[in-house]
Amino acid sequence: MITVTNVSLRYGDRKLFEDVNIKFTPGNCYGLIGANGAGKSTFLKILSGEIEAQTGDVHLGPGERLAVLKQNHFEYEEHEVLKVVMMGHARLYQVMQEKDAIYMKADFTDEDGMKAAELEGEFAELNGWEAESEAAILLKGLGIPEELHTKKMADLTGGDKVKVLLAQALFGKPDVLLLDEPTNHLDIKAIQWLEEFLINFENTVLVVSHDRHFLNKVCTHIADLDFGKIQIYVGNYDFWYESSQLALRMAQDANKKKEEKIKELQNFIARFSANASKSKQATSRKKLLDKISLDDIRPSSRRYPYVNFTPEREIGNDLLRVENLTKTIDGVKVLDNVSFIMNKEDKIALVGRDEIAHTTLFKILSGEMEPDSGSYKWGVTTSQAHFPKDNSEYFEGRDLNLVDWLRQYSPNDQSESFLRGFLGRMLFSGEEVLKKASVLSGGEKVRCMLSKMMLSGANVLLLDEPTNHLDLESITALNNGLTSYKGAMIFTSHDHQFVQTIANRIIEITPNGVIDKQLTYDEYLDNSELQKQVAEMYK
């Protein structure tokens, strides 16, 4: 358990937290959410002791141990992988080192023998005899093969280093576990393993993540950071989002009878409870949901951009034909005879390990890059809009304010009031529209690129990782906008829920061919025979 009492933190005139009083209890997983810049990561650092609050205290239960997912991927370069994991339990690792140092002494004394006996007793109490096997199990679960366990961290790829640091945080069953964006750089198998680990974890977890599917799977509660306060809500992210929207509608309808509101709330809770899976997390969550009263749900102050792609013309049946596209970049063949036909109703998700292959295909289909061989042909009724993963060329060196920047892409030379209104719906209000395009943050640039695409009226969208840099509110708005989009699209994203709720066709480009299935993402992942085929094609 971890208790926060009267914690406050300011940076200059900016208030991040003020008099936060909260208790995080064992058996629960809390998803810490808040707008970009609200202070989620800072709050975790206060809990871990890395940053000191200006007022208040943070207390762990007596004798309890806290573990944190480290963010410095180069901290342990000269250490062996297995030992880095065991360093997650600092006292156990210290006992191991002291014990080994004593046994290596050439002049072993009676005093050394007594000290060694003490250490051996503590080693056993800390479950030291199982330490190496537990560390190995964690590494294997996250996809680090046994042959890497004795390598130095410097020998690992960046993605594997992230997994080792995650295994370090999970090691030794900590009483409180703090995870800041734990799914970053993880492949789908590692994410699924982590989800199951946290679902079955019996102690206290606080997690910050932009992955809504992950939050929905593992969280029993949502801790909402808003207005410098943290409010705890029962349920996962979807329940929090839907309940906050329901509360907003109820608040706006002041004339609605309380009995009608209560019935609406009961129906809402029943719908979410019925969708609960059989996991321990979901079962305990369902019991808590049933106890919610009308006063427990409140409107959120969150602002969601308005994302709505409207095609100017309907697509004909002849959409896109790709035949034997091949492309080599820096001596590596990233596309090898890729062929497929895109149909009118298709919302295709490109999935798989090779992100360079996806980006290369998008660049070829948008006319930014020529293939080495093969061809593609767009139908005459199509118009395409491309969202590139790297959008820097649209902003660097641009001395335009946002109104003038967007005017470049307005097909009908729209008025300034129209452009200001359009930017306002994308959360650029008041004087913000006069900001220079060259100084925007990553999330602001993405919202500008989406505005550009919406103005185009395209009936085919090519989207390369559009959820990167976005906060949960913008991801949710984009997800809803693309779900209702009447055109066709090809896209890629690391956001599981985004892919699952939008795609009706999955294409995976492997080194040994293309797998192309008319399935949802979950159906694709849950098909064991298909996944065996996928694994073989990566060998």
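The values are calculated or read from the model by the stated rules, or taken from the named source; none is laboratory data. Every value quoted in this text rests on a predicted model; they were computed, and no experiment measured them. Don't worry about glycine lacking a Cβ; one is built from the backbone with ideal geometry, like all the others, and counts go over all protein chains shown. Quick note on the areas: whole protein, heavy atoms, side chains included, nothing else; ligands and nucleic acids left out. Shrake-Rupley method; radii C 1.70, N 1.55, O 1.52, S 1.80 Å.
Within segment 387-400, is even one residue in contact with a helix residue (DSSP H, G or I) (Cβ under 8 Å, 6 or more places away or on another chain), outside any loop (DSSP other than H, G, I, E, B) and under 22 Å from Ala349 (Cβ atoms)?
Looking through segment 387-400, at least one residue is in contact with a helix residue (DSSP H, G or I) (Cβ under 8 Å, 6 or more places away or on another chain), outside any loop (DSSP other than H, G, I, E, B) and under 22 Å from Ala349 (Cβ atoms).
Before we move on, is Ile364 farther than 20 Å from Val446 by Cα, in a helix (DSSP H, G or I) and β-branched (Val, Ile, Thr)?
Spelling it out, Ile364 is indeed farther than 20 Å from Val446 by Cα, in a helix (DSSP H, G or I) and β-branched (Val, Ile, Thr).
Does segment 131-182 hold any residues that are among the small types (Gly, Ala, Ser) and open to solvent by 10 Å² or more (accessible area, probe 1.4 Å), and which are they? Lay out the reasoning, then the answer.
Start the filter on segment 131-182 by keeping residues that are among the small types (Gly, Ala, Ser), which leaves 131, 133, 135-136, 141, 143, 154, 158-159, 167, 169, 172.
Within segment 131-182, Ser133, Ala136, Gly141, Gly143, Ala154, Gly158, Gly159, Gly172 meet the criteria.
Could you please find all residues in segment 137-166 being of a type in the set (D, E, K, R) and farther than 18 Å from Trp193 by Cα?
Glu147, Lys151, Lys152, Asp155
Can you pull out every residue in segment 85-124 that is in contact (Cβ under 8 Å) with a residue 60 or more places away in the chain and either open to solvent by 60 Å² or more (accessible area, probe 1.4 Å) or assigned to a helix (DSSP H, G or I) (or both)? Walk me through it before giving the result.
Of segment 85-124, the ones in contact (Cβ under 8 Å) with a residue 60 or more places away in the chain are 85-89, 92.
Residues satisfying the conditions are Val85, Met86, Leu92.
Out of Pro371, Pro411, I need the residue that is touching a helix residue (DSSP H, G or I) at 6+ places or on another chain (Cβ under 6 Å) and either open to solvent by 60 Å² or more (accessible area, probe 1.4 Å) or assigned to a loop (DSSP other than H, G, I, E, B) (or both). Which one?
Pro371
If you go through segment 51-67, how many residues are among the acidic types (Asp, Glu) and surrounded by 12 or more Cβ atoms within 10 Å (Cβ to Cβ)?
Going through segment 51-67 one residue at a time, the tally reaches 1.
Which pairs do you get when a residue that is on the phi > 0 side of the Ramachandran plot, found in segment 134-147, comes within reach of a residue that is buried (at least 18 other Cβ atoms within 10 Å of the Cβ), reach meaning Cβ atoms under 6 angstrom, with the pair 6+ apart or on two chains?
From segment 134-147, the pairs are Gly143/Ala190.
Within segment 435-510, considering only helices (runs of 4 or more DSSP H) that don't extend past its boundaries, which have at least 1 residues that are at pLDDT below 95 and touching a strand residue (DSSP E or B) at 6+ places or on another chain (Cβ under 8 Å)?
On the way: elements: 442-456, 472-483, 496-502.
By residue number, 442-456, 472-483.
Looking at segment 1-48, what strands (runs of 3 or more DSSP E) fall wholly within it and have at least 1 residues that are open to solvent by 40 Å² or more (accessible area, probe 1.4 Å)?
Passing ranges, in order: 2-11, 14-24.
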